[in-house]
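As structure tokens, the structure follows; a few thoughts come after it.
What follows is calculated from the coordinates using simple rules that are stated; it is not laboratory data. Small disclaimer: the values here were computed from a predicted structure and weren't measured. Methodologically, a virtual Cβ is constructed for each residue, glycine included, from the backbone with ideal geometry; neighbour enumeration extends over all protein chains shown.
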Amino acid sequence: MNPNAQLDSYGFGIAVGHATDAAGGTGLTVVRGVDAPLRASAHVLGRATGSRELALLDPSAHVDRVDAIMLTGGSAYGLDAAAGVMRWMEERGRGYPVPGGVVPIVAAAVLFDLAPLGRFDARPTPEMAYRACDDAKTDRIEEGSVGAGTGCTVGKAAGAARAMKGGIGVGVAGIGGPNGVMAAALVAVNAFGHVRDTDGTIIAGPRNANGVPSDTERAIITGVSSGGFEAGANTTLAVVALNIALSKLELQQVARAAGAACYRRIGPAGTSFDGDVIFAVSPMEGRQGRLLQAEVAAVSALEEAIVRAVRMARGREGVPGLADG
């Protein structure tokens with residue numbers, strides 16, 4: 001299914017905006033409600049995460065909405081950029097109502113792109129996040145080496161010299177129509193291992209002496225690769241949106257189910273060296289639908305998005321990308 005179709009035509013209620021520091025090799029991506037807050041939850045796959053407001057997304061937490069989700073480069077430094085989303089929302093009176101005003105609810109997760117591309121001191125800023133909110137749109141979402149995908153790389157298990165370019169990808173799956181359950185996925189892929197196409201072929205990963213991407217999991221198991229691993233420097237961040245209204249508990253189940261896409265397409269995923277996080281969002285109110293259909297659609301959409309994230313990425317600074325031709 002065409003991932004650049006108008007997402008809002010399916011009723012996801014989301015808009016996506018990128019801000020890119022091409023020279024610095026970093027950026028961020030904001031997923032916000034078009035004109036209303038979203039219900040959201042999340043699932044943490046990796047054990048080396050950097051995040052903001054994740055606890056709020058637990059089904060037991062009091063607040064039942066978010067105004068935006070930010071995926072950002074810059075490692076922990078990038079979390080400061082959320083102030084720009086907060087300012088954009090507050091200026092428009094969007095946020096959790098409190099005496100005297102509103103408090104925008106902005107969840108965020110970071111990926112490590114401080115090396116090998118760009119500059120270590122280049123980090124996403126609040127001004128970039130504000131601009132991403134302003135520029136957010138519901139169709140023709142740019143993919144590849146933009147936003148949070150600007151500095152992403154994959155295949156770092158054999159060292160930076162053999163890595164390939166990662167990036168941002170978008171996928172859409174499900175059954176259309178007035179009663180259909182649809183899922184849209186946006187992902188930033190910054191894995192230390194390989195990425196497989198839907199037919200199982202490894203299309204990106206650590207390049208061997210012939211420049212061909214190789215199987216990271218096999219290399220680890222056989223002991224061929226024992227270095228190049230750095231905790232927190234490898235992360236896949238995803239947002240999965242549904243076109244039906246779900247509870248926080250149901251969204252948490254969708255996010256957990258969507259983890260299957262990471263395990264199918266990325267090898268390995270969700271390890272002690274990864275900061276992998278999957279967010280799931282839906283409209284606050286509206287049509288209901290079957291949870292199982294939502295889970296299956298989310299997996300399919302995220303699988304497509306992961307593949308597109310590397311296929312649409314352009315190379316730079318000696319790190320090749322599949323979009324180079």
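Observations
- Net charge of Cβ neighbours under 15 Å - reference residue 170; Lys, Arg +1; Asp, Glu -1: -1
- In a fully extended conformation the segment linking residue 160 and residue 249 would gain 28.1 nm over its present Cα-Cα distance, using 0.36 nm per residue.
- Net charge contributed by nearby residues that have their C-beta within less than 13 Å of residue 50 (K/R +1, D/E -1): -2
- Net charge in the neighbourhood of residue 307 (other residues with Cβ under 12 Å of its Cβ; Lys, Arg +1, Asp, Glu -1) is 0.
- Order of 51, 282 under a 10 Å beta carbon neighbour criterion, fewest first: 51, 282
- Taking the number of Cβ atoms within 10 Å of each Cβ as an exposure proxy, the fewest-first ranking of 141, 175, 278 is 175, 141, 278.
- Cα-based Rg and Dmax for region 7-316, where Dmax is the largest Cα-Cα distance (Å): 18.1, 64
- Neighbour count of at most 14 Cβ within 10 Å plus DSSP loop: longest trypsin sites (Lys or Arg not before Pro)-free window in the chain: 141-286
- For region 51-94, backbone nitrogen atoms closer than 18 Å to the point 7 Å from residue 102 Cα along Cα-to-C-beta are found at 63-70, 82-94.
- Selected from 183, 161, 260 as most flexible by GNM, with the chain as the system and alpha-carbon contacts under 10 Å: 161
- Length gained on full extension, residue 197 to residue 35: 54.8 nm, using 0.36 nm per residue less the C-alpha separation.
- Theoretical FRET efficiency, 1/(1+(r/R0)^6), r = Cβ-Cβ of residue 60 and residue 83, R0 35 Å, to 0.05: 0.80
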